[in-house]
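The values are calculated or read from the model by the stated rules, or taken from the named source; none is laboratory data. On a predicted model such as this, the values are computed, not experimentally measured, just so you know. FYI the Cβ positions are ideal-geometry reconstructions off the backbone, even for glycines, and counts take in every protein chain you see.
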Amino acid sequence: MNKARSVRRRETVPDGRAHRRRTGPVWALLVFIAAALALFSAANLPVLWVRGIGLLLPESRVEVVGLSTDVISMVAVKRLLFAGKMPAGPSLEITGSDVFIAYDPWLRRDIFVGAGSVAVEGRIQPHGDAVWQAIPLLGLFRRFRVALPEASFRVLWNGCLFSCDESSLAGECASGEDILVSCDLHCMRVSRAGDLVAILEEVKLSGRSKRKGAITLSSLLAGSVEAGVGRVELDMEALSGLGKREKFLATGKFAGSANAAMDGGRLKRVDVELFSEGGGSVTMSGDFIKGYLGRMAAGPQRESMEIVLESLRDYTFNRGVIRAELIDDRIVAHVELDGASGPRDLYVNFIDFLKGGRIVSNPLLVTGR
């Protein structure tokens, strides 16, 4: 009886070695498939990049040179070129060298993006709903860090060309909630139609915002942003060229410093102090004066402004100071000039420029320049 039971047990319970022999080929097949997929992904990663970016950003062109990867945790590219359209950039070209991307293989959604150098050239148009578009890639990750030690850009905005070389950009979302961004620009040049309008040196930008879902440009702007410019140089003649020179023309160069701060997408502080270097002159037409005064309500203030503007119609100065500050929803510029025909004291209000602290119009159009 017992002998019969033991025989049946041997028949019903599989032998361990036989079981391992049967499952061994299954594991080997799985390992082979995984290795084949890894090799396929590594060999076709440039194609996958092109197809993936093409889906995210249609009408774009991507070139990848010298790509290497371990598939699991990192991708390195010797040269990366993106040319096409982005939500706030109708025409944009980004070139990067020695790009390195490291990501967490355990799917905790951590990523680091670094590059030896990055150059951006194109045209931006930060209007309408474009700022609400999600920023590709970073929004997918819980924690990220971006480090660009050498970045240069040439960006055309509102007819002005902003160019900068050898700047640095860093971004971090270490806690999964707070986004920190900092940017140091050694020297930024602003030009229009080939004329150098301004030079900004030692520019420091820093921003902080709360992350809510996908990362968007508007969420970054809605946080707190501080900007400081160690030295500003303005060419008044080139700046006058932004409007109609036959109606208003100023010459001379001013230099100084500037600071600004935004919080919740609203302008909170503006501090500008510029001093003239070598003097200059101011001329304006009767049409300009009439148009400027037409923006003011009739009364003693308008009459006083008319006297000041008439005194500047053909005025030469050898010393000047320009100060600007934010008062409620107005940016007020105080201009003090001194010349052979006596001193001049002028206040310029940038009206209809801000609404609830938010920028709603171009100040150059508001003043009629």
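Please specify each residue of the stretch 290-310 satisfying the condition of being more than 23 Å from Ser341 (Cα to Cα) and either touching a residue at least 24 places away in the same chain (Cβ under 8 Å) or in contact with a Cys (Cβ under 8 Å, 6 or more places away or on another chain) (or both).
Answer for the stretch 290-310, where residues must be more than 23 Å from Ser341 (Cα to Cα) and either touching a residue at least 24 places away in the same chain (Cβ under 8 Å) or in contact with a Cys (Cβ under 8 Å, 6 or more places away or on another chain) (or both): Gly291, Tyr292, Arg295.
Could you check Ser304 against (1) surrounded by 14 or more Cβ atoms within 10 Å (Cβ to Cβ); (2) not in a strand (DSSP E or B) and say which number it fails?
(1)
Quick check: anything in the stretch 172-195 in contact (Cβ under 8 Å) with a residue 40 or more places away in the chain and outside any strand (DSSP E or B)?
Looking for residues that are in contact (Cβ under 8 Å) with a residue 40 or more places away in the chain and outside any strand (DSSP E or B), one finds at least one in the stretch 172-195, hence yes.
Within the stretch 256-272, identify whether any single residue is in contact with a Phe, Trp or Tyr (Cβ under 7 Å, 6 or more places away or on another chain), modelled with pLDDT of 90 or more and crowded, with 16+ Cβ neighbours inside 10 Å, and answer yes or no.
Yes, the stretch 256-272 contains a residue that is in contact with a Phe, Trp or Tyr (Cβ under 7 Å, 6 or more places away or on another chain), modelled with pLDDT of 90 or more and crowded, with 16+ Cβ neighbours inside 10 Å.
With under 38 Å from the mean Cα position of the chain (by Cα) and touching a residue at least 40 places away in the same chain (Cβ under 8 Å) as the only criterion, which of Glu273, Glu277 stands out?
The unique qualifying residue is Glu273.
Filter the stretch 276-304 down to residues that are hydrophobic (A, V, I, L, M, F, W, C) and at pLDDT 80 or above and give me whichever is farthest from Asp345 (Cα to Cα). Write out each step before concluding.
In the first step, residues of the stretch 276-304 are kept if they are hydrophobic (A, V, I, L, M, F, W, C); the result is 282, 284, 288-289, 293, 296-298.
With the extra rule that they be at pLDDT 80 or above, the set shrinks to 282, 284, 288-289, 293, 298.
Working: Val282: 13, Met284: 16, Phe288: 18, Ile289: 16, Leu293: 17, Ala298: 20 Å.
The selected residue is Ala298.
Give the residue, chosen from Asp328, Asp345, that is modelled with pLDDT of 75 or more, at positive phi and out of contact with any Phe, Trp or Tyr (no Cβ under 8 Å at 6 or more places or on another chain).
On the way: Asp345 fails: at positive phi.
Going through Asp328, Asp345 in turn, the sole match is Asp328.
Just the residues that are of a type in the set (Gly, Ala, Ser) and either part of a loop (DSSP other than H, G, I, E, B) or modelled with pLDDT under 85 (or both), please, taken from the stretch 216-252.
Ser218, Ser219, Ala222, Gly223, Ala238, Ser240, Gly241, Gly243
Could you say whether any residue in the stretch 66-85 is at pLDDT below 80, of a type outside the set (Val, Ile, Thr) and surrounded by 13 or more Cβ atoms within 10 Å (Cβ to Cβ)?
yes
If you check Leu205 against the conditions, is it surrounded by 16 or more Cβ atoms within 10 Å (Cβ to Cβ) and either modelled with pLDDT under 85 or of a type in the set (Lys, Arg) (or both)?
no
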